[in-house]
Amino acid sequence: MDFAALMSKELDKSKKPTSTAAAASSSSKYIKRADVEAKRREDYLAEQARVEAEREAKAAAKRKREEDDAAEHKIREEKRQKLAEESRRRREEKEAEEERARRKRLGLPELVKATAGDDDDAAVEEGMEDIPDGQLAEKLRALGEPATLFGEGHGARLRRYRRLTTVLTKGPIPTTLQLVEEKDMKVDAAVPKDKEGRRWLFRQLASYFTMVLAEYEKAMEAERRDTTASKTAYSAMVQSRENLKPLFRKFEKYDLDDDLLAPIIEIFPPKDEGWPQMERPRRQRQGENQKTVFETPGRVPDRESGWNSNGG
């Protein structure tokens, strides 16, 4: 083989790869539609997965914030309930101390302090209707209250539910007792011994004092003037109302000794008699000054003492 043939053969070898690369380069300019769709679908699914992951992350963060807020609210509510129970306990201790001091001052026998179990049973009994523990927990949760507090027994839990659901009557002194009509306010001279009779008596007493206080307040409002005498009379009415509030609390607990009930019953007229005519205030001018006096049948104001009666 001569030199020219060898050169020609070598040149042919070097030209073959170049032609193959050119063919490959020309073929890479075109892509199949299926490949384009597959690539687009892959990108779309990746974007949707990213968006879904972000949405789930935001939802999880929101749930965590809500759970944290609910936990904080529960802690605050438990603290509030604990403070309320502590305040109630201190108030009851203070009232008990004042009651002991009052009974000691009046020479009355001291009250026997009930144990926790006795107090719990008495509370259930005074609630008039016991509620099973499971139902009681559901009712408290429905009111947005804790089902139970630390160290709280069934009786205390029932008392707490009663306080939350008790409706107060309207009047000068709001009370949980159901008031009776005026025709049912007549009481017997003797203090009843049975439980139902005493409960009815306490309702009668609360109704009577509510009626008297309402008339008293109405009369003072009608006679209210910008004078010293009028202000003094109105202040006396307000003070009388405040002084009767502890008595109403005793009525609500059905807890009043017979030695105190008997004098209170004496205020009422006999059952077979009608109500006495209630004194009504009027204005009377005396010289330059005015003062409030009360009209009572058989009594008229005189010049010196201000009162004169047919019988003394």
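Structure notes:
Per-residue answers, yes or no, for (1) in the same structural domain as Leu179 (by TED's automatic domain parsing); (2) in contact with a strand residue (DSSP E or B) (Cβ under 6 Å, 6 or more places away or on another chain); (3) at pLDDT 85 or above:
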site	(1), (2), (3)
Ala214	yes, no, yes
Thr227	yes, no, no
Ser240	yes, no, yes
Lys253	yes, no, no
Asp258	yes, no, no
Asn289	yes, no, no
Pro301	no, yes, no
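- Scan of region 95-143 for residues that are loosely packed, with under 11 Cβ neighbours inside 10 Å, over 20 Å from Arg163 (Cα atoms) and at pLDDT 65 or above, ordered by number: Glu97, Ala101, Arg105, Leu106, Gly107, Pro109, Glu110
- Residue that is nearest to Gly171 (Cα to Cα) [pool: residues in region 183-204 that are in a loop (DSSP other than H, G, I, E, B) and among the acidic types (Asp, Glu)]: Asp188
- Verdict on Arg55 being part of a helix (DSSP H, G or I), of a type outside the set (S, T, N, Q) and at pLDDT below 90: no
- Screening Ser240, Ser230, Ser207 for residues that are surrounded by 12 or more Cβ atoms within 10 Å (Cβ to Cβ), closer than 15 Å to Thr169 by Cβ, touching a residue at least 24 places away in the same chain (Cβ under 8 Å) and small (Gly, Ala, Ser) leaves exactly one candidate, Ser207.
- Any hit, region 54-66, residues being within 29 Å of the chain's Cα centre (by Cα) and not aromatic (Phe, Trp, Tyr): yes
- The one condition in (1) closer than 18 Å to Arg249 by Cα; (2) touching a helix residue (DSSP H, G or I) at 6+ places or on another chain (Cβ under 7 Å); (3) among the hydroxyl-bearing types (Ser, Thr, Tyr) that Tyr216 fails to fulfil: (1)
- Test result for Arg159, assigned by TED's automatic domain parsing to the domain that holds Leu140 and either in contact with a helix residue (DSSP H, G or I) (Cβ under 7 Å, 6 or more places away or on another chain) or surrounded by 12 or more Cβ atoms within 10 Å (Cβ to Cβ) (or both): yes
The values are calculated or read from the model by the stated rules, or taken from the named source; none is laboratory data. Because the structure is predicted, anything quoted here is derived from the model rather than measured. Every residue, glycine among them, receives a Cβ derived from its backbone with ideal geometry; neighbour counts consider all protein chains shown.
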